[in-house]
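Peer 1: Sharing a structure here in structure tokens format.
The values are calculated or read from the model by the stated rules, or taken from the named source; none is laboratory data. Just so we're clear, the structure is a prediction, and the values are computed from it rather than from any experiment. When we count neighbours, we look across all protein chains shown, and the Cβ atoms used for this are built from the backbone with ideal geometry, even at glycine.
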Amino acid sequence: MEPMRAVLAAKFWNQEVESTNSLQAVVHSVPCEPPPLGLVRGSKLSRSQQLLLIQRVFGAPFVPSIEPPNAWNKKCGGVVLDRVIASAGGPNWWATVTGRARAQRFWWLEKQLGENINQTPEPLSPQEEERWWHRGKRLLDASLYALSTRSRFRMSPRTTLSMSSELDSLAGLFGDSEQPGPNQGPRQNPWRGRAGLRHKREGHDIILESAWHEHFVDREARYWEVPQVTTLDVASVGTTSGLRYRLGLHHSAGTPVECPKMDGSVLGGVPAGATPGLRAQAAMSVEREMHVWKPKQAACRRRQNKRPYNLLAARPHVTVSGLAGGLLCANLKKHVDDISSEPSTPPSTGAAALSLGPNGGPLTADMFVSLGVSAQYGLFQRPFLDHTKLSARLDIGAASSLLAATRHQENTPPARDTINGHVDKGLPTVSLSLQQQLIGPIRARVDSRFSLDPYELANSERPHLQEVTYGIDCALESLGAAKLVVWYSPSRREGMAELRILER
């Protein structure tokens, strides 16, 4: 389970979530949503840095991933191959160009035409030569490829400037992209960009970021394209007392659009944090951690002659942690008219203490609470079953939402008019994580998150599963505290292989 500090960061726009929906392998969560699951939380390395390390250390020509399909671009989805195709750098800067080839999409094209790509006829007849010529032409289909650039400049010892740009499909360069169907909604923009300026002060980080046509993900694993977002945040860092605070000014322009599924269906209900407008936020939290059990030093000393597969993972414990905080939000400017929602799918008002809509006030306040427990057994030294870890965390994102949902459910059952039969109104969530050593440095892991509906619990119904992710990691002793991770999310229908450092 990720640290408790991720709970406070999830109240703002800058929380990173890993996703193959972008060549940068990162999207951002909608504000005031639960923290991302541990397997998909932001990495300490950018995607281009990961690819370069894998290419140079392991000699891999490319890194495979599974891209989620959608109704906007049916030429994407399935297995894709990512590779850094160019890189340059100096003492105070670096830049990369990363490419993506949609290998499974090319195979689908071959299958639709009834051709067998596993057999090469010999000798080739004139008809067969024409087939291979057309096959080569299909390799030049611009929609099978994506391109991104990323750069970072150190302007001073405390100030860095980072920029990224991405073309989801090269077909947009030539104007031959498909037109959206009748049930696919507005067309997504094939270009996405982000620029960020970070300045480090004594005990604080000042972050100014702006993004265009970026995808944001909510608690139901739904993607939203937001035309333009600008944020300015001041966050405390490096505190040892457990007190954290963060101030932010956020501006969102344009109508957020839900990325439809392959069948064109959408769930509806724009999350409160994704609605357009200008608002200021201030949040403060206090967290505490208590170790219930630790192994005796004598027991650990007897096994010190053997090095663990991962030094950071060789820490058996039983730990209880908690966090309580408050969020103050001021709506400075609203753009409610920009939201085009059907009457049956109003904007959701749950997880945030954001007062949006014509009936919302200009200033609101709320509380959030998180309670967690983590237990680990084993020093991760022996070849079998020497590492077992179980974590659980309860997140109450907004106390007022829980109280309102409890009162509402006493009189009216929950609405069930969406495509998955569930409407999430900012209810509390429970995140569970189980990790087990399989053999040697290889471990398996499952992360999941459930929402707790008072009405469903009162009627002995099962909690609603919001997201689940499966993963396998292999500790790399040659690189120190590094591991190779492969994860797949059936909720989002995507997966990725990546390199992580300084993680348990």
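Peer 1: Any idea which of Leu23, Leu39, Leu45 is aliphatic (A, V, I, L, M), under 20 Å from the mean Cα position of the chain (by Cα) and part of a helix (DSSP H, G or I)?
Peer 2: Leu39
Peer 1: For segment 138-160, give me each residue that is of a type in the set (A, V, I, L, M), in a strand (DSSP E or B) and crowded, with 17+ Cβ neighbours inside 10 Å.
Peer 2: If the condition is that a residue be of a type in the set (A, V, I, L, M), in a strand (DSSP E or B) and crowded, with 17+ Cβ neighbours inside 10 Å, then Ala146, Leu147 are the ones that fit.
Peer 1: Restricting attention to segment 456-504, which residues are in contact (Cβ under 8 Å) with a residue 60 or more places away in the chain and out of contact with any Leu (no Cβ under 9 Å at 6 or more places or on another chain)?
Peer 2: Within segment 456-504, Gln466, Glu477, Tyr488, Arg492, Arg493, Glu494, Gly495, Met496 qualify.
Peer 1: OK, next. Specify the residue that is surrounded by the most Cβ atoms within 10 Å (Cβ to Cβ); the eligible residues are those in segment 199-219 that are of a type in the set (D, E, K, R) and assigned to a strand (DSSP E or B).
Peer 2: Just the residues of segment 199-219 that are of a type in the set (D, E, K, R), to begin with: 200-202, 205, 209, 214, 218-219.
From the residues that got through so far, the ones that are assigned to a strand (DSSP E or B) too are 200-201, 205, 209, 214.
Numbers: Lys200: 16, Arg201: 10, Asp205: 16, Glu209: 18, Glu214: 24.
Looking at the filtered set, the residue picked out is Glu214.
Peer 1: Now for a different question. Please verify whether Asp453 is surrounded by 20 or more Cβ atoms within 10 Å (Cβ to Cβ), of a type outside the set (Phe, Trp, Tyr) and modelled with pLDDT under 90, treating the condition exactly as stated. Lay out the reasoning, then the answer.
Peer 2: On the way: surrounded by 20 or more Cβ atoms within 10 Å (Cβ to Cβ): yes; of a type outside the set (Phe, Trp, Tyr): yes; modelled with pLDDT under 90: yes.
Yes, satisfied.
Peer 1: Out of Gly238, Gly175, Gly264, Gly181, report the one residue that is surrounded by fewer than 17 Cβ atoms within 10 Å (Cβ to Cβ), closer than 23 Å to Val97 by Cα and at pLDDT below 85. Steps first, answer last, please.
Peer 2: Numbers: Gly238 fails: closer than 23 Å to Val97 by Cα; Gly264 fails: closer than 23 Å to Val97 by Cα; Gly181 fails: closer than 23 Å to Val97 by Cα.
After ruling out the rest, the residue left standing is Gly175.
Peer 1: Could I ask something else about it? Residues being buried (at least 24 other Cβ atoms within 10 Å of the Cβ) and farther than 15 Å from Met496 by Cα: count how many of those fall in segment 31-52.
Peer 2: 6
Every residue, every condition in (1) over 30 Å from Val257 (Cβ atoms); (2) surrounded by 14 or more Cβ atoms within 10 Å (Cβ to Cβ); (3) at pLDDT 90 or above; (4) touching a strand residue (DSSP E or B) at 6+ places or on another chain (Cβ under 6 Å), yes or no:
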| position | (1), (2), (3), (4) |
| --- | --- |
| Arg302 | yes, no, no, no |
| Asn310 | yes, yes, no, yes |
| Leu323 | yes, yes, yes, yes |
| Ser340 | no, no, no, no |
| Pro343 | no, no, no, no |
| Ala351 | no, yes, no, no |
| Gln376 | yes, yes, yes, yes |
| Thr388 | yes, yes, yes, yes |
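Peer 1: Additional query: Taking the condition of being within 10 Å of Pro256 (Cβ to Cβ) and among the acidic types (Asp, Glu), how many residues in segment 213-235 meet it?
Peer 2: Number satisfying all stated conditions: 1.
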